[in-house]
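The values are calculated or read from the model by the stated rules, or taken from the named source; none is laboratory data. Values in this document were obtained by computation on a predicted structure and should not be read as measured data. Every residue, glycine among them, receives a Cβ derived from its backbone with ideal geometry; neighbour counts consider all protein chains shown.
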């Protein structure tokens, strides 16, 4: 399928190319030189460990029809721009403007990927829907997501991540969503942003390009988001949650056989929903998807059908049983809010001994010690045995209570390989094991080592 032409890219990026008669058609836009195919546009991006400009000749040999670079070149395929990342964003913004589709954007300190996936399953029941793939939620990934849209789609779901002020604004300026969703204001990236107030400001940037007909959907149980007043803004504001003041409210929550059952009231509906995931945090995420579906008049039967098809992304509440041991792998990332939510809901999954493998929560700065101490105290209430992994989890280890009258045990490791050998020695048939930690702690390696090998015993 042909998506673009060279002249469109020249116009959208104010790039330089002296070959006026050369106007090839472009099939796809890529930033990974290893994935270049004939008629692709290759955008050379300089990263921390590589410079995409070093692969321009390879791109030409692979028959890329257009190449964006910040280096001057005599090759007819090369368009020179000042900043290739900004050029990528400009291409995506202008490309997206060609489509009359429903655009939804999601951000939040935790739960944004789960919410994005729930939105996808709900909307795909009624509209042909595109969504952010994996963690393509930054200044490179989001434009690539936009550039994968074609005329066959009726709706698109975008996830927006950030680590500093201004980053969500940049992404929102590309997408210009019709519906924006903020799941919560937590502690993620507080080391950089210094306060939750600044995190709140950063997340609210998702609303910067909403107009009178657009909607901001927020978690009404969040202490920052609940303070928002519709009178302050030109867009429509919807709050969801468990509180009485929310326009869409959940109540009567029950965890039954690994599923959540709950009643939803407001926005013209009053009915029970079922979700194939447990925990109040997952119900909260589902409420935002229900609210968005109702705004676009998706029948409640289809909303329910979509939620029942929900499957979490890789390394997010991935459940695997092997050798009569149940593993719950939620090791994609962690912050205090998501860690507490998963630990609190763990009981509904558990049988046998309740065991956790918990890795450091990163990027917390001066808040790290108190946050890990709190997790240690909570873990001592919920688990029989915990393996704490990482230097910061030593604070949690110290606050995990054991005494001679209980069978509770705790271990602390810095090295994953040493931890793996000890964990293998101690776990046994019938255990339920949770893995949760920041991505940099690589708990997925521990998960693979435990589930790929044959257990003894």
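Restricting attention to region 409-429, which residues are in contact with a strand residue (DSSP E or B) (Cβ under 7 Å, 6 or more places away or on another chain), surrounded by fewer than 16 Cβ atoms within 10 Å (Cβ to Cβ) and assigned to a loop (DSSP other than H, G, I, E, B)?
Of everything in region 409-429, just one residue is in contact with a strand residue (DSSP E or B) (Cβ under 7 Å, 6 or more places away or on another chain), surrounded by fewer than 16 Cβ atoms within 10 Å (Cβ to Cβ) and assigned to a loop (DSSP other than H, G, I, E, B), namely 429.
Of all residues in region 125-160, count the ones that are surrounded by fewer than 19 Cβ atoms within 10 Å (Cβ to Cβ) and closer than 23 Å to residue 300 by Cα.
5
Would you pick out the residues in region 274-288 that are part of a helix (DSSP H, G or I) and closer than 12 Å to residue 308 by Cα?
286
State yes or no: is residue 381 out of contact with any helix residue (DSSP H, G or I) (no Cβ under 6 Å at 6 or more places or on another chain), more than 23 Å from residue 275 (Cβ to Cβ) and in a helix (DSSP H, G or I)?
yes
So residue 190 passes all but one of these: (1) closer than 30 Å to residue 29 by Cα; (2) in contact with a helix residue (DSSP H, G or I) (Cβ under 8 Å, 6 or more places away or on another chain). Which condition number does it fail?
With respect to (1) closer than 30 Å to residue 29 by Cα; (2) in contact with a helix residue (DSSP H, G or I) (Cβ under 8 Å, 6 or more places away or on another chain), residue 190 is out only on (1).
On the basis of being modelled with pLDDT of 95 or more, surrounded by fewer than 21 Cβ atoms within 10 Å (Cβ to Cβ) and over 23 Å from residue 322 (Cα atoms), does residue 391 make the cut?
So residue 391 fits the description; yes.
Residue 50 versus (1) touching a residue at least 12 places away in the same chain (Cβ under 8 Å); (2) over 28 Å from residue 290 (Cα atoms): which is the lone unmet condition?
Result: residue 50 passes all but (1).
Looking for whichever is touching a residue at least 12 places away in the same chain (Cβ under 8 Å) and closer than 27 Å to residue 158 by Cα here; the options are 65, 69, 73. Which one fits?
Sole residue among the options that is touching a residue at least 12 places away in the same chain (Cβ under 8 Å) and closer than 27 Å to residue 158 by Cα: 69.
Could you tell me whether region 361-377 includes any residue that is closer than 20 Å to residue 439 by Cβ, in contact with a strand residue (DSSP E or B) (Cβ under 6 Å, 6 or more places away or on another chain) and buried (at least 20 other Cβ atoms within 10 Å of the Cβ)?
The answer is no, given that none of the residues of region 361-377 is closer than 20 Å to residue 439 by Cβ, in contact with a strand residue (DSSP E or B) (Cβ under 6 Å, 6 or more places away or on another chain) and buried (at least 20 other Cβ atoms within 10 Å of the Cβ).
Output the residues belonging to region 298-326 that are buried (at least 21 other Cβ atoms within 10 Å of the Cβ) and within 30 Å of residue 364 (Cα to Cα).
317 - this is the single residue of region 298-326 that is buried (at least 21 other Cβ atoms within 10 Å of the Cβ) and within 30 Å of residue 364 (Cα to Cα).
Output the residues belonging to region 161-184 that are under 20 Å from residue 236 (Cα atoms), crowded, with 24+ Cβ neighbours inside 10 Å and in contact with a helix residue (DSSP H, G or I) (Cβ under 6 Å, 6 or more places away or on another chain).
168, 179, 180, 181, 182, 183
Only one residue in 268, 258 is surrounded by fewer than 19 Cβ atoms within 10 Å (Cβ to Cβ), outside the structural domain of residue 339 (by TED's automatic domain parsing), on the phi > 0 side of the Ramachandran plot and free of Cβ contacts under 8 Å to residues at least 40 places away in the same chain. Which one?
Of 268, 258, the one residue that is surrounded by fewer than 19 Cβ atoms within 10 Å (Cβ to Cβ), outside the structural domain of residue 339 (by TED's automatic domain parsing), on the phi > 0 side of the Ramachandran plot and free of Cβ contacts under 8 Å to residues at least 40 places away in the same chain is 268.
Pick from 217, 206, 278: which is in the same structural domain as residue 176 (by TED's automatic domain parsing), under 22 Å from residue 301 (Cβ atoms) and surrounded by 14 or more Cβ atoms within 10 Å (Cβ to Cβ)?
217
Where residues in region 187-203 are under 18 Å from residue 361 (Cβ atoms) and surrounded by fewer than 16 Cβ atoms within 10 Å (Cβ to Cβ), which of them is modelled with the highest pLDDT?
Selected residue: 195.
Please indicate, with yes or no, whether at least one residue in region 146-156 is at pLDDT 95 or above, touching a helix residue (DSSP H, G or I) at 6+ places or on another chain (Cβ under 6 Å), within 21 Å of residue 316 (Cα to Cα) and not assigned by TED's automatic domain parsing to the domain that holds residue 41.
There is no residue in region 146-156 that is at pLDDT 95 or above, touching a helix residue (DSSP H, G or I) at 6+ places or on another chain (Cβ under 6 Å), within 21 Å of residue 316 (Cα to Cα) and not assigned by TED's automatic domain parsing to the domain that holds residue 41.
Taking region 205-224, which residues are touching a helix residue (DSSP H, G or I) at 6+ places or on another chain (Cβ under 8 Å) and within 21 Å of residue 287 (Cα to Cα)?
Within region 205-224, 206, 207, 215, 216, 217, 218, 219, 220, 221, 224 qualify.
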